[in-house]
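The structure appears right after this line, and notes come after that.
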Amino acid sequence: MSFQVIDIVLYGFNHKQRVLSLKPGRLNIITGASKTGKTALIEIMDYCFGASECGVPEGIIRQTVEWVGVRLQIPEGHVFIARRLPPNGQDASSDVFYAVGQDIDIPVYSSLTQTTNPKALEKLLTTHAGISLNIHEPPPGQTRSPLTANIRHALFYCFQQQSEVISNRHLFHKQSEQWIPQAIKDTMPYFLGAVDDEHVAKMAELRRLRHEVRGLERKLAEHEAVRGSGISRAQSLILEAVDLGLRPAGTTTIEWEESVALLKDISSSPLPEEEREISEEGDEFERLQDNRQQLTHGLHRIKDQLEAAQALSSERQGYSREGEAQLARLRSIQLFDENGGTEHSSCPLCQSQLSDNQVPPSISDLRDSTSELETQIRSVEERSPQMEQVVLTLKSRLAEVQGKLKENRESLEALQASNQRLQQLRDRSARRAHVLGRIGLYLESLPHLEDTSDLKSAIATRKEQIEQLEEELSDEVVQDRIQSFLSNLSRDMSEWARELRLEHSEHPLRLDLKRLTVVADGDDGPIPMERMGSGENWVGYHLIAHFALHKWFVGHRRPVPRFLFIDQPSQVYFPEDRDWSQGSDDTPGEDRQAVSRMYQLALKLINELDPSLQIIMTDHANINEEWFQDCIIERWREGHKLVPPDWGDG
C-alpha cells in the first residue's frame, strides 16, 4: 500500500476552487517565473499531510485562500484531504476534512467541514502508506525514548525544497531542524527493510519469552533452594546422622529424592540400644536431681520463714525496751499520793495556781495509764521466749536442709565421677535429639516438588528461541543488512553520477547514514558532499541519492509514499527568471545540457518504475524539446499562477 498525488486544490475565501491536476506514475513538470507559487506547493502538501505548523508563506496565498487540499490515489480508490489555513497569529489549524472511497470527486467549498484532526489524520495516512506497527529501541545506555515510524518520517524522503536540493550539508527534507536527523537515522532501517514488518511482533515475542524464562527460573530456583543448593543440605544431615550412630557408616546418596527418602527413614527409625541404657542407668541421677530440686525449694521456704520470725522478735524487743523507759519516767516523778488524792489546781513543782486549761491529768488517770503499760510489757516479755524458740527451730531446720543439699551434691559428684560413660551417653543423646529435630524440621518444610526435568527443558527451549530472536534483532545484524542494501544503492548512484558527469563520479559513491550525506570513496579517503565543490555537484548528488532510495522503496515494496517532489533543481544553472536560449552557434549551452541530463535521468527512472513512482518538479526551466514538453502539466507565466490573479481583486 502507498499513494500518489492526483490533485492539489485551493479554496478561496470567495468560495472558488483552484485545481492543479497531476499525473500518477509520471514525471510532472511545473515551469514558470518567480513569485508564481511554485515553492509554496511543497508547503501546501506537507500541511495537508498533518504538519504541526503551516509553512505556507505569507502573502497572496494566506490572504486569499481559506482551505488547501490534496486528492490522493490509493490502491483501494481515492482519499481527499482538506485543511483550513490558520488565522493570523496561529501556527496551524485543527480543522481537517477527510474523505475516502473508491471514487472521490473534489468536494465543493460548501461541503468542507471538520471531520477529523491532525493527529487522527497522521494515523490514517500512516495506514494508507502501508506503514505497519514498528518500533526502534535505542541502544543500551542511551536515554532517548523508543521511536515508532509514521507518515511524518516517511515524508523526509518525498520532498526536496529549493533550499534543500542545493545544500551541501543536508541531504533530507527538514534535516536542518532539531531532532530530525536522529529521527531519520532511527527510522531509516525500517524504511529500507533492514527491520522487517515482523520486527515489532518479534520484539513482543522476545519480551514474552524473556518474561516466561524469568518466571520459570524463579520457580526452578525455589525448587533448588528447597533442595539446599542441589542435595548438599540433605546430605549434610545424613552425614551427621551417620556420625551419631543413627545410620550405618557408608550411607551415601547422589539424587535428592533418595536423600529425602533416607532422611524420612532415619526420622521414623527406633532409637539405638544405648538410648535405653541411658534411661536405665540414668534413673538414680534423675532421682538425685529431683531430690535436689525439692531440697532447694524447701531451703528457700525456710529462709523466708526465718527472716520473718527474726524480724518479729526484733520488733517485740524494741517495744518492750521503749515501754520500760516510759514507765520509769512516770515512776521517777513520785508526785502522787499512795492512797489517792484529789485533783490539784496548783503546779506540783512551783505551787503556783493553774488555770482551768492548764490543770494536769488526775492522779487516777496517770495510775491507770501506768498500770496498762505495765500489763503490756509483761505480755511481751512472757511471749519472747516462745518466739526465740521458733527462731531456733527454723535455724535448726535450715541447717538440716543445707546438710541434705551437701549430701545430695556429694552424691551427684560421686555418681558423675564414677560413671563418665553415662555423661558421654547423655551428651550423645542430646546431640542425636538435636539432629533428629533438624531432620524433622527439614522434612516438614518440604513442599510437594514436581520433577524439574520438564522445567529445565522448557527453560532451555525458550533460551534457544531467545538467542535466535536476539540474533535476528541484534543491531549487528541490522547494520549488516543496511550495509548490504547501501551497497546496492551505491551501484545505481555511481552509475547515475557518471551519467550526470558529476565530479568524483569516477570513485565509488555511497550513502553515509551516520552523517546523512553522500560520500565518494576517493583514493586518499572518503570525500563527503560538504567537501565537494560547486552547486551542480550538490544538486546532482541530491537527485541520485533520492532516485536510488525511491527505486529501492518501489522494488522492495517499502511503505514510503510513491512520489518525489523536487523544487527548482536548475537554480544553480539559471537563476534568472527567463526561458532558456541556445548558444550563438545554435548548439545547446553546457548548463542547458547539464539540466537536460537531470530531467532525462528523472524520466528514465519514471519509465523504469512505471507506474509505481511519481516525480513532481517545479522549475524555471522550459526546455524546448518534445520529451520535456510532454511532461509539463502547467506553465506559470504571463499572469498564470498558482493563485488566480482575480482572487486578489476582492
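The values are calculated or read from the model by the stated rules, or taken from the named source; none is laboratory data. Computed from a predicted structure; not experimentally measured. In this analysis, Cβ positions are derived from the backbone assuming ideal geometry, glycine residues included, and neighbour counts consider all displayed protein chains.
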Could you look through the stretch 592-645, keep only residues that are free of Cβ contacts under 8 Å to residues at least 60 places away in the same chain and of a type in the set (S, T, N, Q), and pick out the one that is farthest from GLY555 (Cα to Cα)? ASN624
Please work out which one of (1) closer than 30 Å to GLY25 by Cβ; (2) not in a helix (DSSP H, G or I) is the condition HIS504 fails and give its number. (1)
Across (1) more than 30 Å from SER268 (Cα to Cα); (2) surrounded by 15 or more Cβ atoms within 10 Å (Cβ to Cβ), ASP524 clears everything bar (2)
Scan the stretch 13-38 for residues that are at pLDDT below 95 and aliphatic (A, V, I, L, M) and jot them down. ALA33
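Can VAL96 be described as at pLDDT 95 or above, closer than 21 Å to ALA40 by Cα and touching a Pro at 6+ places or on another chain (Cβ under 9 Å)?
On the way: at pLDDT 95 or above: yes; closer than 21 Å to ALA40 by Cα: yes; touching a Pro at 6+ places or on another chain (Cβ under 9 Å): yes.
Here the answer is yes, as VAL96 does meet what is asked.
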Subset tally (residues that are touching a residue at least 60 places away in the same chain (Cβ under 8 Å) and in a strand (DSSP E or B)) for the stretch 517-549: 2
For the stretch 185-195, state whether one or more residues are in contact with a Ser or Thr (Cβ under 9 Å, 6 or more places away or on another chain), acidic (Asp, Glu), at pLDDT below 90 and at negative phi. no
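Given the structure, is LEU22 under 16 Å from SER2 (Cβ atoms) and over 48 Å from the mean Cα position of the chain (by Cα)? Steps first, answer last, please.
Working: under 16 Å from SER2 (Cβ atoms): yes; over 48 Å from the mean Cα position of the chain (by Cα): yes.
So LEU22 passes the test.
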